[in-house]
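Visitor: Dumping the structure here so I can ask a few things about it.
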Amino acid sequence: MAVTTINDSSTDATNDIADLLPRAADGDPRAWEEILHRYSTLIWATVRSFRLQDADTRDAVQTTWLRLAENAHQIRHPQRLGAWLATTARRECLRILRHITSIPHPSQTVQEAATDPSTGPEHIVIETETTQWLWEHIDELPPRRRAVLRALFTDNPPPYAQIATATGIPPGGIGPTRNRALQQLREKLDKHNTL
């Protein structure tokens, strides 16, 4: 009899998830709250295992939930939702890590500027200090703003569609994100100049 009860509750939980997922996809806030309650710990644990910076960790968790919102109607096996969320969270973390490792280190940019034979020594010093200061402040920006500026301010910036894919920002949001990031840098520069 106890075995039957365990199986029944397991089946009820699966059926409950099968019911919650379409309701969440249709925008039912109670269904979303229940899914968040059930799977939030799993997603946070999965993402934290990658030991990302705090901002990148939050970004990966948010993007995982976003992916569920985008694909909730397409999930064929609701009983495997936990595995789907964990896999999605891992993929987001790997995407962030790939992006971090593909960004050139500021010292590479400074070294390239310093080896330009057409510039004089005083120009090299000023440009090196300015570049170093700029990249230090870009590194302090929120992850998406930082990623957009790093992608756009290269010798051969990729198209917005490619940046959108790499950052998870819609193509129409790249320009506004760039503008907010530049405004934040301007404010830092103004504050630095008043010191």
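Visitor: Please arrange Trp84, Trp133 by counting, for each residue, the other beta carbons lying within 10 Å of its beta carbon, fewest first. Write down the numbers at each step before the final one.
Guide: Working: Trp84 18, Trp133 14.
Fewest to most other Cβ atoms nearby, the residues stand as Trp133, Trp84.
Visitor: Trp133: net charge of surrounding residues, Cβ under 14 Å, Lys/Arg +1, Asp/Glu -1, itself excluded?
Guide: Numbers: positive: Arg186, Lys188, Lys191; negative: Glu127, Glu129, Glu136, Asp139, Glu140, Asp190.
Once all neighbours under 14 Å are counted, the net charge is -3.
Visitor: Can you put Thr63, Thr165 in order of Cβ neighbours within 10 angstrom, beginning with the fewest?
Guide: Working: Thr63 20, Thr165 13.
The order, fewest Cβ neighbours first, is Thr165, Thr63.
Visitor: For Phe50, Phe153, which order do you get if you count the other beta carbons within 10 Å of each Cβ and list the fewest first? Intermediate results must be reported in sequence, preceding the final value.
Guide: Working: Phe50 16, Phe153 13.
The fewest-first ordering by Cβ neighbours comes to Phe153, Phe50.
Visitor: Another question about this same structure. Where the only charges are on Cβ atoms (+1 Lys, Arg; -1 Asp, Glu), what is the dipole of segment 22-65 about its Cα centre, to the nearest 20 debye?
Guide: So the magnitude is around 180 debye.
Visitor: I would also like to ask the following. Output ³J(HN,Hα) for segment 161-176: one whole-Hz value per residue in order, computed from phi by the Karplus curve 6.51 cos²θ - 1.76 cosθ + 1.60 with θ = phi - 60°, and x for Gly and Pro.
Guide: Per-residue couplings from phi come out as 4, 5, 5, 4, 5, 5, 9, x, 9, x, x, x, x, 5, x, x Hz.
Just so you know, all these numbers are worked out from the coordinates, no wet-lab data involved. For clarity, every value in this text was computed on a predicted model and none was experimentally measured. Note that we place each Cβ from the backbone using ideal geometry, even for glycine, and neighbour counts take in every protein chain shown.
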